[in-house]
1. Work out the FRET efficiency for Glu140 and Thr176 from their Cβ-Cβ distance, taking R0 = 22 Å, and round it to the nearest 0.05.
2. When ranked by the protection proxy of mean other Cβ atoms within 10 Å per residue, highest first, what sequence do the peptides 16-29, 302-315 form?
3. Based on DSSP H runs of at least 4 residues, each adding -39500 (n - 2.57), what is the mean residue ellipticity at 222 nm of the chain after dividing by all its residues, to the nearest 500 deg cm²/dmol?
4. Kindly write out, for the range 107-114 in residue order, the coupling ³J(HN,Hα) from the Karplus curve 6.51 cos²θ - 1.76 cosθ + 1.60 (θ = phi - 60°), rounded to whole Hz, with x marking Gly and Pro.
5. If a paramagnetic tag sat 7 Å from the Cα of Arg152 along the Cα-Cβ line, which residues of the range 188-205 would have the backbone N under 17 Å from that point?
6. Which of Asp157, Asp134, Asp189, Asp226 comes first, and how do the rest follow, when ranked by fewest Cβ neighbours within 10 Å?
7. Lys306 to Arg213: FRET efficiency via 1/(1 + (r/R0)^6), r the Cβ-Cβ distance, R0 41 Å, to the nearest 0.05?
8. Report, ordered by chain and residue number, the lysines lying within cross-link reach of Lys163, taken as a straight Cα distance under 18 Å and ignoring same-chain residues fewer than 8 apart.
Amino acid sequence: MHNSSQTEPAQGTSQGFAHAKAILFGEHAVVYGSPAVAVPLHGLGVQTDIRRSPHQETRIESQLFSGNAQTAPEPMGPVVAGLNAALKAVGNPDAEVELLIRSAIPHSRGLGSSAAVATSVARAVANLHATVFDENTLHEIVQAAETVAHGRPSGIDAWAVAKPAPIRFQTGCAQTIDVGQRLVFVLADSGHHGSTAEAVGGVRARRDADPVRIGGMIDRLAEITDSAVDNIRSGDRGAIGTLMNEAHGLLGSLGVSTPTLDSLVDAATAAGAWGAKLTGGGLGGCVLALADDDDSAEELAEALRKAGAPRTWTTEVRPT
Ligand SMILES: Nc1ncnc2c1ncn2[C@@H]1O[C@H](COP(=O)(O)OP(=O)(O)O)[C@@H](O)[C@H]1O
Ligand SMILES: C[C@@](O)(CCOP(=O)(O)O)CC(=O)O
């Protein structure tokens, strides 16, 4: 995965960074208290530069919007909420600041751009005030942004973009997983935006209509996640891949896959991936495939692009 370029801050400017994430197991089930596993996507990140505003207003410059924060359109709501929560947490809620947000993370692809942007903004605010947020304070700030973005987020994204290692997340708590063997993943963009809120709402409606069947699938996703944690610890790629394939099938049955995501999973399997699945909310977004090694990751990425993915990224999870 290419490195997002980090630049030196100008005088009077402070910075904050955060990386993207991919959910390896347990998306959607995590909303109902099941465990989930997320991995950091180092090198695919966002940088925020901040300085005290020389004007009587807070301004944001970003790929989505540039202008006075008070006139920012609705999609910027999470960013403004994160900024306000961070300024409040440093005891300077009325501060006027200027933000420059540069992100390499495509938004609405299940890669955690909203949480990563909010994390980089919060870290920049802390830096400007010569402090560092402890992880729980940072989490609360980012959850304030995520609540505007998604309604009732489980909290996995907010932890996953802030932690440098894979995590097992359940009901608000995130624990780092010890990794037994290096894992190389290829991410393929389906080219379609996915709305997490719509996907989560769809699963909830199906669960309300058929609690026994859908509840059974959610229970199975929870079992898959916990088996996968054991396999990540022991470094059993074959077992991880088999569980990824099963998880993708279940996510399809929950109604959050699409024909494009299914065909990318099929292409990954045909190209020799240990396993592949959609990642994040679904209904668009990305597919995550487990490669054998760096060489096969290149072949896998090429196969996924041939199958229609407009872009791919390769990332690794290092043994601890
Ligand atoms: N480059 C960016 N500049 C400003 N805000 C961004 C940027 N990327 C993402 N965001 C914020 O994150 C939101 C996207 O969140 P969402 O659709 O949930 O995507 P994701 O699944 O990547 O988190 C945007 O509406 C905006 O609030
Ligand atoms: C679908 C979900 O389980 C994972 C987050 O989805 P996404 O990676 O933001 O698309 C929602 C949640 O955990 O709140």
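1. Values: r = 20 Å, r/R0 = 0.90.
Once rounded, the FRET efficiency stands at 0.65.
2. On the way: 16-29: 27.3, 302-315: 17.7.
Going by the mean number of other Cβ atoms within 10 Å, highest first, we get 16-29, 302-315.
3. Values: 9 runs with 130 residues, N = 320.
Result for the chain: -13000 deg cm²/dmol, rounded to the nearest 500.
4. So the J values, rounded to whole Hz, are 7, 6, 10, x, 9, x, 4, 5.
5. Backbone N within reach: 196-205.
6. Values: Asp157 31, Asp134 9, Asp189 22, Asp226 16.
The most exposed by this proxy come first: Asp134, Asp226, Asp189, Asp157.
7. On the way: r = 36 Å, r/R0 = 0.89.
For Lys306 and Arg213, the calculated efficiency is 0.65.
8. Hits, sequence-local ones excluded: Lys21.
Computed from the coordinates by the stated procedures, all read-outs in this text should not be read as laboratory data. All values derive from a computational prediction rather than experimental measurement. Note that we place each Cβ from the backbone using ideal geometry, even for glycine, and neighbour counts take in every protein chain shown.
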